[in-house]
Amino acid sequence: SSDLSFRFGQAPPGGIQLEDRETDKLLFAGQDFHRGHYTIRQMRTFADHMEEVLYGPGGFYASGAARSGKAGDYFTAPDVGEVFGRLLSEIFRSWQVKLQAKTFTLLEAGPGEGRLASDILKSHPCLYQAVERSPSRLEALKKLRTVDVYSDLDSVPPMEGVLFGNELIDAFPV
């Protein structure tokens, strides 16, 4: 797209990204802030920006830098211990009985590092599938031999069971 320009005090167009280092100029302009002239490199939405910084090359999830747990970047219910996984496994076991499924499968969307999958499978061995977008996390999940791992929902074969996502919404770009 073509460059757009605006001056401070004018409303910039929505979905903008400033040229490299111009953000620093805005942060450190002090009293001269209103005198700056800023050039927009491209138009893009907040959703596109978040997609790139989370899942793009070098993104938070894609890079393998994101870690869950007490020493990690965030802390979730499975990080507390196995209790949450055991609770879910009992709920899923009761659903298996109610569904009367010949082959019961759990499909977890956004399993991250696989901690919850491991905890559930300890209490309720069953067919377990996982859909994970992060390449580094996909590789980590493949180490769980009892979990079939997919990079998108379209790749998952038809199944009978439960599709769930414990931390999925937290990982949405927007």
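The values are calculated or read from the model by the stated rules, or taken from the named source; none is laboratory data. On a predicted model such as this, the values are computed, not experimentally measured, just so you know. Note that we place each Cβ from the backbone using ideal geometry, even for glycine, and neighbour counts take in every protein chain shown. Please note that ligands, DNA and RNA were not included when accessible areas were found on the heavy atoms of the full protein model with its side chains. Shrake-Rupley method; radii C 1.70, N 1.55, O 1.52, S 1.80 Å.
Key figures for this structure:
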| item | result |
| --- | --- |
| Condition broken by G112, with the remaining ones in (1) assigned to a loop (DSSP other than H, G, I, E, B); (2) in contact with a helix residue (DSSP H, G or I) (Cβ under 7 Å, 6 or more places away or on another chain); (3) surrounded by fewer than 19 Cβ atoms within 10 Å (Cβ to Cβ) satisfied | (3) |
| L106 vs. criteria outside any helix (DSSP H, G or I) and under 15 Å from L163 (Cα atoms) | yes |
| One residue from S89, S136 being surrounded by 19 or more Cβ atoms within 10 Å (Cβ to Cβ) and assigned to a helix (DSSP H, G or I) | S89 |
| Selection count where residues are more than 27 Å from the chain's Cα centre (by Cα) and of a type in the set (G, A, S), scope region 77-115 | 2 |
| Contacts under 9 angstrom Cβ, first residue in region 114-130 being on the phi > 0 side of the Ramachandran plot, partner assigned to a loop (DSSP other than H, G, I, E, B) and open to solvent by 20 Å² or more (accessible area, probe 1.4 Å), 6 or more apart | G114/K143; G114/L144 |
| Residue check, G64 under 22 Å from L163 (Cβ atoms), touching a residue at least 60 places away in the same chain (Cβ under 8 Å) and open to solvent by less than 30 Å² (accessible area, probe 1.4 Å) | no |
| Residue in region 164-174 that is part of a helix (DSSP H, G or I) and either at pLDDT 90 or above or surrounded by 17 or more Cβ atoms within 10 Å (Cβ to Cβ) (or both) present | yes |
| Qualifying residue in region 118-128 (condition: open to solvent by 20 Å² or more (accessible area, probe 1.4 Å) and under 21 Å from the mean Cα position of the chain (by Cα)) | yes |
| Number of the exception - L99 against (1) exposed (fewer than 14 other Cβ atoms within 10 Å of the Cβ); (2) of a type in the set (A, V, I, L, M); (3) within 25 Å of V80 (Cβ to Cβ) | (3) |
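To keep it simple, each residue is scored yes or no on (1) at pLDDT below 80; (2) among the small types (G, A, S).
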site	(1), (2)
T39	yes, no
M43	yes, no
G69	yes, yes
F75	yes, no
V80	no, no
R86	no, no
E108	no, no
R115	no, no
